[in-house]
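The values are calculated or read from the model by the stated rules, or taken from the named source; none is laboratory data. No experiment lies behind these values; they were computed from the predicted model shown. Quick reminder, even Gly has a Cβ in these numbers, built from the backbone with ideal geometry, and neighbours come from all protein chains shown. Please note that ligands, DNA and RNA were not included when accessible areas were found on the heavy atoms of the full protein model with its side chains. Shrake-Rupley method; radii C 1.70, N 1.55, O 1.52, S 1.80 Å.
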Amino acid sequence: MILVWNEFRHEKSNEAVRRIYPDGIHAVLAEGLRGAGFDEVETATLDDPEHGLTDERLERTDVLVWWGHKAHGDVDDAVVGRVKARVLDGMGLVVLHSGHFSKIFKALMGTSCDLKWRVADERERLWVVDPSHPIAAGVPESFTIEPEEMYGEHFDVPAPEQLVFVSWFQGGEVFRSGCCWHRGRGRIFYFRPGHETYPTYRDDHVRRVVANGVRWAAPVAAARPVRGNHQSLEPLK
Ligand code: ZN
């Protein structure tokens, strides 16, 4: 099951955002994933009981997609701990746009996750810098999103283990906008686009990347590692 989590606060308080995402950013992301062939897609929001992230639900979740912005501080630390434990145990995590400052992303990265930003209706051009990567499947060598918010380097994250996209912005900045990490048994994909006042998640290329990211982050059926004091498997002399 794919679970799309959205803070869902801008859509309730800001008319410009509501016009683009009347049922919430999560609804549009979920629609894109269903269109990409995912049968089981559910949504959860910050104001649901336990933020919609109960143990039972996380246990059923293969990949969690995360969008948050202005209310990162309202996410309960106990729930963050629960999500982190699930990622370390193999649940995939796709973090979008301003989710770079979410508690869960910062907890998994261990750095400030800070960056430059500017909202000035400018053009973003994303370049595929790893054409062999499954998240780049079906994506052209480069594509533009206009208008978008600018995010610029330096992005304070651990060096990505795989870098799939780099963005260029009209104002001159660049940004590592598609980054992959492993933590424990889990996979994490960060994808930059998706400012709330722009219809970015209706863009076909963006939808394809999000779907590819979910596919890449899905758990694999590997044996759970055994740790701690261990009996020898072969006779010891
Ligand atoms: Zn934004």
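Data table
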{"quantity": "Solvent-accessible area per residue for the stretch 141-237 (1.4 angstrom probe, square angstrom)", "calculated": "51 Å²"}
{"quantity": "Estimated dipole of the stretch 2-217 in Debye, rounded to 20 [Cβ of Lys and Arg +1, of Asp and Glu -1, Cα centre]", "calculated": "360 debye"}
{"quantity": "Computed over the chain: relative contact order in percent, which uses C-alpha pairs under 8 Å that are six or more apart", "calculated": "21 percent"}
{"quantity": "Ellipticity estimate at 222 nm from DSSP helix runs (n ≥ 4, -39,500 (n - 2.57)) divided over the chain, nearest 500", "calculated": "-7000 deg cm²/dmol"}
{"quantity": "Using a Förster distance of 45 Å, the FRET efficiency for Ala36-Ala85 (Cβ separation, nearest 0.05)", "calculated": "0.95"}
{"quantity": "Protection proxy ranking of 136-143, 217-224, 79-86 - average other beta-carbon atoms within 10 Å, highest first", "calculated": "79-86, 136-143, 217-224"}
{"quantity": "Reachable lysines, given that their alpha-carbon falls under 16 Å from the alpha-carbon of Lys70 and they are not under 8 places away in the same chain", "calculated": "Lys12, Lys103, Lys106"}
{"quantity": "Share of carbon and sulfur in the accessible heavy-atom surface of the chain [1.4 Å probe, %]", "calculated": "51 percent"}
{"quantity": "Relative contact order %, the stretch 87-142, counting alpha carbon pairs below 8 Å whose residues are six or more apart", "calculated": "19 percent"}
{"quantity": "With all protein chains modelled, accessible area of Arg18 [1.4 Å, Å²]", "calculated": "90 Å²"}
{"quantity": "Percentage, to the nearest whole number, of Cα pairs in the chain over 23 Å apart", "calculated": "48 percent"}
{"quantity": "Set of the stretch 184-213 residues, backbone N closer than 19 Å to the point 7 Å along the Cα-Cβ line of Val220", "calculated": "184-190, 212-213"}
